[in-house]
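Only one structure is covered here, and it is reproduced in the block below.
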């Protein structure tokens, strides 16, 4: 599903990728020309453990419909244990947001190594299609941000 | 703002002019241009000129991955006086033009990525790397040919090297080999001198029967604790006479060196050329250690080297560089029941075959069937046992073990040499012979020696009386074959040493899905691990033969020498930093830091009323910090930040990315 | 109604309605503007927008709280907790400034501005901006006087003024005081509240006394509606006496409250010197957490902060309640004027009891509603301060 | 009345002050009504004797005051620790928030504190509340029932209502079975309560709702938030020099719950920042002027941590490390967590 739109809806996806594995994995996906929807935009962080739950909320506030955090496989962290911390933090965060009624499917952690370009593309394809099914993020949005984006877009049109 | 076409790599999918145009109206951007190849000299000149002409405070280059050319552009910027950390890269090639096909979508994504980079850059500030010293000593983990060669080369350059080897002797797999391809010279003849060299080199210390317990520190300044396992023999006293091994009453212990094809005693010297040539007591089988009965070896040892009270010893040492040379192991063939492995002693692995043909082996070099010690008349070699396996089979490895084609040709040839009348079959999927004189070698086996190469896989081997029934298919002649064989040799795939995984964790080094160590770059930095100061040598990184291993060992040694020859190292400036005004000294950051880079100090702070108050605050050792950022997230108050990846910067990127139109 | 015209002025301004019919009354009132009534909830009573869905036999789901005593005051109808003022939009390299007065017209008391904005579109345009506050207690009515002094004096706060002018207040005599109440200390009569229409309820009826032109206008517009005459009755001969007796009862109840004896006598204009350096502040403030609970439930606290929020598209300048108990209150580039908790704590009470009356003809900026007593996490409050300082600790 | 009666506390406080060991006492101070009890710092024996109180209404957790009070004296600060407070005490100590040398800790017993909000909602205006054994007798100022309103007699006397202790006990006390865990200088009593209700009952109730229902539930609760920061300021785990919500450079700073996002943002981040550190003392819910059940946020995290990473009770010891700051190689993957928790629920 390359750059395909589902009912004209394009989700916004923020992908945090650790520099050593997942970002390199994304580069490899590029090198191998494995396509995935352009709705995925990558933010490079040194390690998945640099991703603060605040960043995740920030993305949702600014209108992201899905947030995905990619790191080295457990055991392979460039910094020994960073992704183990990510694993705990995000497990708890996701479960907690779920408890508050935020769709769990909007958040994901995936382990993608530098050699898994194909996995990176597959994961992104899958995530985008899942988010497209869920539709717009309504439960964790800041209307002030959304409202104004919509104003700008309607003006642009 | 500089947008690179990268030929058509970017410009083919992304409208680079549109990106440059869009960025012109972005607040903060004063200059925006495109060029064919930004990374080229003339591209860099455009950047340098713009920096000078417009007195730019920072630049964004929209180009390939920062992993590719970030360093290039940083260097260019710094050559005209800009702090290199005021350069941001928007990855519009690997993560945009190459993965999207729709030009409009790709262009709009490129603009977004450029905006995110600008948003981050606005919050950048110049960073200066810290410096640290270098301990002039290297550690080599693994004492096979890779480790030995690396150690010898480093020692040769005048630096101290320690080898840590988990077994009682160095030598590794190569010591078990008989002849080597493609020259058929004797492995022991070329290896043992090197082992002796290593033992005698005054720059080299060998910790045999030892393991790496823990590693801390960072490039140039590692602290490693080595666990010297108790061998119950005083290494410096034992003369290696071997009397104890003769007198030891427990003799029925399968020999590791000969792969269980003969026995050794509870106190033993692995093989005659072992280095160090010192006995070791196997605590699992020694009666004295287990039941406090016996003590024969102690009585016969004239040197008085036996010491039953020995304990594991821990040695802490500082190193500037670490080389991993943990080698490989043949895979376990448990799951290959179809080859009758375990049902008949005459189904052996290639490594066992090496021991069978070795003059120092259990048969003293006489190639006989293990079952009845008779001459084998028909020998079948099966290639790719566990190599190039379908992952769906759930056994074996997907990769090619690389060395099997050549050693099988060697084995076939050796068989023919010993028994010219023997029938020798080799079943193969492909014969891969890319190497100097390799194909000639293989052709000699097939053409001169008359080894029968059959393209096809062996389906089943069943013991049939004293012989083995080999059912196979010949893919070229498209027919089924039934061969009555006397001996079957399986070319088992090779895999990384099982101890490597734990070591990788200690070293903070990454591994690929197969458990081989990952190199920093597969082409450009093949002997370095992604962890600074940790280098790779030999088969720990992937299957390779002796010449390749030795070449890589030399390369790793050269890298180590290069590192050790530096007086000071400049560190990554993207490290954690603590805002002491906000820090409450709660210790959370210290608890999560994998490097122990955070300590706590009492500091005086001004409080209302013109007084001061002492408060505990965190302090980051910039030389130790590797910049993962875990502490910055753990810190509740946000006192801890990561330079280069400040929360504000990441959030600015998030904002820019989410701002895009749906 | 017309037949009553001959009766005295006072009597024409007095109406009554059967308690059972209040639902119908609310329905009528809500047609004239956004109607807020105190409603009981899990967290105690609060002013809520009446959404009168008619149930069976004119029984409305939303019932007025019998306590009338809300956790928060109704001040946020005029002075919402957050309110957008203007917006700056960066377009390329230009900045565009827009007034948020659209929102001003539409805002209501909900701090859920997102919700508020959405439901306004459905409102009748003409009446959309009118606000009717029903069931305000005497203390809270008095608190509006304090707020007016601040916001309506020059320079006038137009945002506040716009809402204030469009609001009709139906006050309600307070028959259900709490043990924390001490409005009588500030000379407030809970039985006879001010407001545009002053109401008092007994077991059977709510009586309305029209007190202002605004009230008059609304009530007469009500009377003009069809089928309202069925529910809105003119008072009969015995009614004035019922009302008077009810008032006596409420007064008696107020007199018996445990805190009714708290005296404001020692405070007021000109007493700064007496209390400012009192050593008692140390002990009083020792366990104060410095949170803003007292400030935010207080009907007279009117401090706000102005902040910018970057939406990514533009910057919204908004104001939001602030608390003098916060360490960053009125923080300036040179720092905070009150660095210690003691200073901040003292400020709050000195302001209520000394500074405000000094600048406002003796009017205390406390109305004795008792909300801060109920809300304080550590049970430290103005009564304890008044007793401690007034009891001699001041001198 | 309480396991440790007031007189024992007063005696110890007075003698420790007279002996010159302590010059500040952290205890509970009586106020205007029986239910009006504040945390108090006593600096003289006279006020200790007069105003110190130990009863059913002593809700406040005093531990956090040690941070500021230990700075104010050269001598020691005397603190009385109930079983639940001892956990906060340990937690603060493990984060180096005060100097243990400057504290004289005395363990006192506890058999529960009242949920005053609950009482008030049941009785309206209260004139007095007494405790007799397992019964709580609440006297109303007047009868609120409209039918009886005209009854002057009744009104004058107020109406007396009797409750079972457990009906008016704080929720945190109902499920409490804590024992004093602090290394106290002295133990007057270490008796605590035995749990009569299950600690995670309410959390499970919410978990069992549909996602939609949970969303509506919390939206409703959070919409009442006035961002007074009482929950944060009272929380013994909130001890930052500067809270991220008061720090303009943190990116989340805000003074007001301006919309539904801000409302939840504050509580999500706060719950996360105290996760693994929260001792479940319940102060956040107790002090919330808008009665938002904030402890149910923290308890959810505690429950998940217990299931995923093993039983853990923050504040049990000074040396413990929060499960959010540690890890094991075999931790559950985020993708499996939902299922794991689900399974533990159905058990």
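A few points about this structure:
- Considering A:25, A:31, the condition of being surrounded by fewer than 24 Cβ atoms within 10 Å (Cβ to Cβ) and in contact with a helix residue (DSSP H, G or I) (Cβ under 9 Å, 6 or more places away or on another chain) is satisfied by A:31 alone.
- Tally, over segment D:33-47, of residues that are more than 7 Å from chain C (Cβ to nearest Cβ) and closer than 16 Å to residue D:287 by Cβ: 1
- Qualifying residue in segment B:587-608 (condition: closer than 20 Å to residue D:236 by Cα and surrounded by 21 or more Cβ atoms within 10 Å (Cβ to Cβ)): yes
- Conditions (1) under 27 Å from residue B:187 (Cβ atoms); (2) touching a strand residue (DSSP E or B) at 6+ places or on another chain (Cβ under 6 Å); number of the one not met by residue B:368: (2)
Rundown of residues vs (1) under 20 Å from the mean Cα position of the chain (by Cα); (2) crowded, with 22+ Cβ neighbours inside 10 Å; (3) part of a loop (DSSP other than H, G, I, E, B), yes/no style:
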residue	(1), (2), (3)
D:15	no, no, no
D:23	no, no, no
D:29	yes, yes, no
D:33	no, no, yes
D:39	yes, yes, no
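- Per the conditions (1) out of contact with any strand residue (DSSP E or B) (no Cβ under 6 Å at 6 or more places or on another chain); (2) closer than 27 Å to residue A:142 by Cβ; (3) without any contact (Cβ under 8 Å) to a residue 24 or more places away in the chain, the sole criterion not satisfied by residue A:94 is (1).
- Residue match in segment D:53-74 (condition: assigned to a strand (DSSP E or B) and in contact with a helix residue (DSSP H, G or I) (Cβ under 7 Å, 6 or more places away or on another chain)): no
- Check on residue B:38, over 22 Å from residue B:105 (Cα atoms) and not in a helix (DSSP H, G or I): yes
- Residue match in segment C:68-82 (condition: within 14 Å of chain B (Cβ to nearest Cβ) and at pLDDT 85 or above): no
- Residue in segment B:614-659 that is farthest from residue C:313 (Cα to Cα), counting only those that are facing another protein chain (nearest Cβ under 7 Å) and surrounded by fewer than 22 Cβ atoms within 10 Å (Cβ to Cβ): B:616
- In segment D:1-13, of all residues being in a helix (DSSP H, G or I) and touching a residue at least 12 places away in the same chain (Cβ under 8 Å), the one that is nearest to residue D:125 (Cα to Cα) corresponds to D:6.
- Members of segment C:221-243 that are surrounded by 12 or more Cβ atoms within 10 Å (Cβ to Cβ) and at pLDDT 75 or above: C:221, C:222, C:232, C:233, C:234, C:235, C:239, C:240, C:242, C:243
- Filtering segment A:36-48 for residues that are modelled with pLDDT of 95 or more and part of a helix (DSSP H, G or I) leaves a non-empty set.
- Residue match in segment B:487-501 (condition: within 14 Å of chain D (Cβ to nearest Cβ) and at pLDDT below 90): yes
- A count restricted to segment A:107-123 and to residues that are within 9 Å of another protein chain (Cβ to nearest Cβ) and part of a helix (DSSP H, G or I) stands at 1.
- Checklist (1) within 25 Å of residue B:256 (Cα to Cα); (2) crowded, with 18+ Cβ neighbours inside 10 Å; (3) under 39 Å from the mean Cα position of the chain (by Cα) applied to residue B:312, failing item: (2)
- Here segment D:293-334 is the region considered, the condition is being more than 7 Å from every other protein chain (Cβ to nearest Cβ) and over 30 Å from the mean Cα position of the chain (by Cα), and the residue that is surrounded by the most Cβ atoms within 10 Å (Cβ to Cβ) is D:328.
- No other residue among B:140, B:99 is outside any helix (DSSP H, G or I) and free of Cβ contacts under 8 Å to residues at least 24 places away in the same chain apart from B:99.
- Condition check for residue C:350: more than 23 Å from residue D:68 (Cα to Cα) and surrounded by fewer than 16 Cβ atoms within 10 Å (Cβ to Cβ): no
- Flag not set for residue D:277, criterion: over 23 Å from the mean Cα position of the chain (by Cα), in contact (Cβ under 8 Å) with a residue 24 or more places away in the chain and over 20 Å from residue B:581 (Cα atoms).
- Selection status of residue B:320, surrounded by fewer than 20 Cβ atoms within 10 Å (Cβ to Cβ) and more than 29 Å from residue B:232 (Cβ to Cβ): no
The values are calculated or read from the model by the stated rules, or taken from the named source; none is laboratory data. Predicted model, so just to flag it, every value in this text is computed and none were measured. No Cβ is skipped: glycine too gets one built from the backbone with ideal geometry, and neighbour counts run over all protein chains shown.
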